[in-house]
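Encoded as structure tokens, the structure appears first; notes follow it.
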Amino acid sequence: MQALISKEELERAFDARFPREMKEKFSNARVAVAGLGGLGSNIAVMLARSGIGHLLLVDFDTVDVTNLNRQMYMIPHLGRPKAEALPDILCQINPYLEYESVCVKVTPENVKQLFEMYPIVCEAFDKPDQKAMLVRELLGQCPETMVVSGNGMAGLGDTNDIQTRKMMRRLYVCGDQKTDVGNGIGLIAPRVAACAAHQANKVLQLILQS
């Protein structure tokens, strides 16, 4: 088996392509991802590849066979809590970052406890009511937190319809804001990944602007 790559080798590879100031900001950043499904698992992988130093990963669900068409999990992960399986995937990308995972259902009562120490939170839930709840509670309970939310990525429509919009001073929404699951429209990997990429990219922009 090939020897584990060293931290120094990974850092040299990053330094060869990006400014040191960018690397330092990414390395010092703390980002939370709420929901580790199609959006969240893809977001987390992109942020790990970008060298975000500390990621909080929150989800109460387990990996199901229906997740395999759009989420980062694979057959060996079936039945495992997503909050356990995803850190294993991320460690195969960069084992030298900090991954904190919490297997819990997010409610209005625990939002502040979970997220108040994180300058940026990615909302990556599935259900509209849960999305609205988290955005509302983050904006109300965590006054220093920027929120990057996903809304509208179902089906096989034009990926150019997926955009990032600033809705409020601390809220960005990524997606087409219209397509939802139902009436034969499902979540397919390309558009889900495109929306996740918008969210991850906005996170990186916010870190560099801070």
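The values are calculated or read from the model by the stated rules, or taken from the named source; none is laboratory data. In this text, all values refer to a predicted model and were calculated from it rather than measured experimentally. FYI the Cβ positions are ideal-geometry reconstructions off the backbone, even for glycines, and counts take in every protein chain you see.
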Which listed residue is under 17 Å from the mean Cα position of the chain (by Cα), surrounded by fewer than 13 Cβ atoms within 10 Å (Cβ to Cβ) and of a type in the set (D, E, K, R), from Lys131, Lys105, Lys82: Lys105
Any residue in segment 38-57 that is at negative phi and among the basic types (Lys, Arg) sitting within a Cβ distance under 8 Å of a residue that is surrounded by fewer than 24 Cβ atoms within 10 Å (Cβ to Cβ) and not in a helix (DSSP H, G or I)? List the pairs, counting only those 6 or more apart or interchain. Arg49/Asn94
Residue hits (segment 104-123; of a type in the set (Phe, Trp, Tyr) and assigned to a loop (DSSP other than H, G, I, E, B)) are Tyr118
Of the residues Met74, Met46, which is over 23 Å from Ser210 (Cα atoms), at pLDDT 95 or above and surrounded by fewer than 21 Cβ atoms within 10 Å (Cβ to Cβ)? Met74
Given the condition touching a helix residue (DSSP H, G or I) at 6+ places or on another chain (Cβ under 9 Å) and of a type in the set (A, V, I, L, M), answer yes or no: does some residue in segment 12-20 qualify? no
Of all the residues that make up segment 56-72, how many are closer than 23 Å to Val31 by Cβ and either of a type in the set (Val, Ile, Thr) or in contact with a helix residue (DSSP H, G or I) (Cβ under 6 Å, 6 or more places away or on another chain) (or both)? 8
